[in-house]
Amino acid sequence: MTLKEAYQYGREKLEKAEVPEAALDAWYLLEYASGCRRSHFLACPGEKLETDREQVFLEAVRERARRVPLQYITGEQEFMGISFLVSDQVLIPRQDTEILAERVLKYLRPGMRFLDLCTGSGCILLSLLKNCPGTEGVGADISAEALEVARKNRERLSLSAGLVQSDLFSELRGKFDVIVSNPPYIRRGEIPSLMEEVRGHEPWLALDGHEDGLFFYRRIAGECRPYLKEGGRLYLEIGWDQGTGVSGLLKDQGFTEIQVVKDLAGLDRVVIGTLTGGC
Ligand code: GLN
């Protein structure tokens, strides 16, 4: 198979399987399998794909046609300009989550200690540490498999960060200046209506916010006080229709300076609150 034939084959297969952006994905999979850059492809479309590369490509196309997300096939996703390893044991980092990380970065200063709850791949924790050296970061997740991925990312980026298997705060010690989290927040009843890539392949544990989607916000708001310093801040990613609900939960727990931040699409995406009034 030549590079061009491979691309056309992949594109047709993915189009038939109704994969969104079939042409683009066929290209990404070919790039992944062949290691060949676009400029090379355009210059030498008639070049033969080595047999082992061809096998990798065909398998990758088969997987994508079953609607396995591209990132689980290539094993990587970029977040905050950094490439993170991913597997089907972690949520694929989303561009929207960069809004959350950027907000935290604006506030974070060397010497501060921060906690990333539900760290998954570690994308928030590690991108914050990379962008704000001199801070101390701890990531917690209930899933041992997710923490394994976060550990690999920590090693790959040569960063030091605490990683703890914990049901939210259960295994954590000490106080933090900042707590950040992108917890599971999809209403359970809505999961079956999500894209096949998400509902069929991403870990439910990372999506499921129980009946009303607010389960983890309720727990985080209710349980965080002993772990947050006086004047410390809580940063939460939320779904577009959860701004009022989550702000209310923070208010009920005594948080002040509550702000809702919008994403690039103009939808509510992040809630921030400050903990005041002793504990
Ligand atoms: N913190 C990770 C992320 O933002 C995982 C979030 C999750 O599993 N809900 O991608």
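Go through the residues of segment 73-83 one by one and say whether even a single one is assigned to a loop (DSSP other than H, G, I, E, B), within 9 Å of the ligand (Cβ to nearest atom) and of a type in the set (G, A, S). Walk me through it before giving the result.
Initial filter on segment 73-83 (assigned to a loop (DSSP other than H, G, I, E, B)): 75, 80-81.
So of that shortlist, the ones also within 9 Å of the ligand (Cβ to nearest atom) come out as none.
Among the residues of segment 73-83, not one is assigned to a loop (DSSP other than H, G, I, E, B), within 9 Å of the ligand (Cβ to nearest atom) and of a type in the set (G, A, S), which makes the answer no.
Of all residues in segment 75-86, how many are polar (S, T, N, Q) and buried (at least 17 other Cβ atoms within 10 Å of the Cβ)?
Initially, segment 75-86 is screened for residues polar (S, T, N, Q), giving 77, 83.
From what's left, buried (at least 17 other Cβ atoms within 10 Å of the Cβ): 77.
Counting residues in segment 75-86 that are polar (S, T, N, Q) and buried (at least 17 other Cβ atoms within 10 Å of the Cβ) gives 1.
For segment 36-63, which residues satisfy the criterion of being in a loop (DSSP other than H, G, I, E, B) and either within 20 Å of T74 (Cβ to Cβ) or touching a His at 6+ places or on another chain (Cβ under 7 Å) (or both)?
First pass over segment 36-63, keeping only residues in a loop (DSSP other than H, G, I, E, B): 36-37, 44-47, 49-50.
C36, R37, L49, E50, listed by residue number.
Cβ-Cβ below 6 Å, separation at least six or inter-chain, first residue in segment 157-173 and within 13 Å of R225 (Cα to Cα), second part of a loop (DSSP other than H, G, I, E, B) and of a type in the set (S, T, N, Q): which pairs?
L172/S166
How about segment 223-279: which of its residues are among the hydrophobic types (A, V, I, L, M, F, W, C) and in a loop (DSSP other than H, G, I, E, B)? Before you say what the answer is, go through the steps one by one.
To start, the set of residues in segment 223-279 that are among the hydrophobic types (A, V, I, L, M, F, W, C) comprises 224, 228, 234, 236, 238, 240, 246, 249-250, 255, 258, 260-261, 264-265, 267, 270-272, 275, 279.
The answer is C224, I238, W240, L264, A265, L267, C279.
Please work out if A140 is under 21 Å from L207 (Cβ atoms), touching a Gly at 6+ places or on another chain (Cβ under 7 Å) and within 11 Å of the ligand (Cβ to nearest atom).
Details: under 21 Å from L207 (Cβ atoms): yes; touching a Gly at 6+ places or on another chain (Cβ under 7 Å): no; within 11 Å of the ligand (Cβ to nearest atom): yes.
Judged against the criteria, A140 is not a match.
Spot the failing condition for G134; the list is (1) within 12 Å of the ligand (Cβ to nearest atom); (2) over 12 Å from the mean Cα position of the chain (by Cα), and only one is missed.
(1)
No value in this document is a laboratory result; all are computed from the given coordinates. What you are looking at is a predicted structure, and each value in this text was computed from that prediction instead of being measured. Methodologically, a virtual Cβ is constructed for each residue, glycine included, from the backbone with ideal geometry; neighbour enumeration extends over all protein chains shown.
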